[in-house]
Amino acid sequence: MMDAGDWIGAVAWTILGFIVLGVVLWAVFRILPSPWQDRVGPDKREGSAEEILRQRFARGEIDAQEYEERLRVLRKEREESPADHRSNAESGSPIGPMPPGQ
């Protein structure tokens with residue numbers, strides 16, 4: 001029959017086992033690349049054109065009208081084929097380039 005000391009030891013080892021398992025799982029997930037990272041939409045990735053546009057709007061560099069216009073152009077260009085992109089580049093974009101230093 002088990003006395004109180006045996007029960008305390010069993011519970012302590014169980015808790016310690018869960019802690020070790022948690023640390024190992026945490027380390028594995030920190031080291032390995034996330035399988036869900038690629039599922040983030042292209043407009044949410046850091047450094048994407050839409051994310052940069054959102055940041056510029058948030059900083060007050062552009063107003064709401066310019067933000068909406070540029071966002072509309074970006075989303076339209078994303079849906080177009082590469083041939084459409086070439087024709088747009090040759091005919092000129094509806095929005096001019098950013099000023100230097102921006």
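The residue pairs whose first member lies in the stretch 13-36 and is in contact (Cβ under 8 Å) with a residue 40 or more places away in the chain, whose second member is surrounded by 10 or more Cβ atoms within 10 Å (Cβ to Cβ) and among the basic types (Lys, Arg), and whose beta carbons are closer than 7 Å, counting only pairs six or more residues apart or on different chains, do not exist in this structure.
If I filter the stretch 31-54 for residues that are at pLDDT below 60, among the hydrophobic types (A, V, I, L, M, F, W, C) and surrounded by 10 or more Cβ atoms within 10 Å (Cβ to Cβ), do I get at least one hit? Within the stretch 31-54 (the criterion being at pLDDT below 60, among the hydrophobic types (A, V, I, L, M, F, W, C) and surrounded by 10 or more Cβ atoms within 10 Å (Cβ to Cβ)), the answer is yes, since at least one residue qualifies. Within the stretch 55-81, being surrounded by 14 or more Cβ atoms within 10 Å (Cβ to Cβ) and not in a helix (DSSP H, G or I) holds for one residue alone: Ile62.
The values are calculated or read from the model by the stated rules, or taken from the named source; none is laboratory data. This one's a predicted model, so the numbers in the text were calculated from it and none came from an experiment. For neighbour counting, all protein chains shown are included, and Cβ atoms are generated from backbone atoms with ideal geometry for every residue, glycine included.
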